[in-house]
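*Asks:* Sharing a structure with you now.
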Amino acid sequence: MLKEGEAIPATGHAWGAWLETKEPTCTEQGTEERTCAACGATEQRSVEALGHDFQDGVCAACGASDPSYTPPKDPEGPAEPQKPSHSQESTEASNLPATGDFAFAMVAGAVVLAGIATLAIGASLLRRSER
């Protein structure tokens, strides 16, 4: 039983896990919050900004430009094209369209000519029937 003036010992908080409430970005801090299961009190803390992840002068996360980036210079200028090896030639040749294959063009031309001939014959017959 409790007597007047007797102190009740504190039970302490039963803090839950930290949950992200604002995601940090490259330049802005984020925040996390946790809640006490016993009393509902909350605590917040800051999460450091991530900082930029510059790769070849551009941040991979947000696309910002690196102000201190200097592109590498090629001291010799552009390299001369090199002849591909035999294995490269066969691989590259398989990706190229075939040349000298006129079958499709010939069929398409024949269809167009047949259409023109049909129109010409039809027009000729129409003129004869009108006379």
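*Asks:* Based on the alpha-carbon gyration tensor of segment 13-66 and its eigenvalue square roots a ≥ b ≥ c, which shape applies: rounded if a/c is under 1.5, prolate if not and a/b is larger than b/c, or oblate?
*Replies:* Details: a/c = 5.53, a/b = 4.68, b/c = 1.18.
Cα axes put segment 13-66 in the prolate bin.
*Asks:* At 0.36 nm per residue, and after removing the present C-alpha to C-alpha distance, how many nm does the segment from ARG127 to PHE104 gain when stretched out fully?
*Replies:* Details: separation 23, 0.36 × 23 = 8.28 nm, distance 3.49 nm.
Here the segment from ARG127 to PHE104 would lengthen by 4.8 nm.
*Asks:* Separate question: Just how large is the dipole of segment 13-66 about the Cα centre, in debye to the nearest 20, putting +1 at every Lys and Arg Cβ and -1 at every Asp and Glu Cβ?
*Replies:* On the way: 3 positive and 10 negative charges, 63 e Å.
The calculation lands at about 300 debye.
*Asks:* 7 Å from Cα along Cα→Cβ at both ALA64 and THR27: what's the point-to-point distance in nm?
*Replies:* Placing both labels 7 Å along Cα→Cβ, they lie 0.5 nm apart.
*Asks:* While we're looking at this one, here's another question. Check ALA61: other-chain or 5+ apart residues with amide H under 5 Å from its amide H, H built from backbone geometry?
*Replies:* Answer set, sorted by chain and number: ASP53.
Coordinate-derived values only; no laboratory data. Computed from a predicted structure; not experimentally measured. Because the Cβ atoms are built from the backbone with ideal geometry, glycine has one as well, and the counts that use them run over all protein chains shown.
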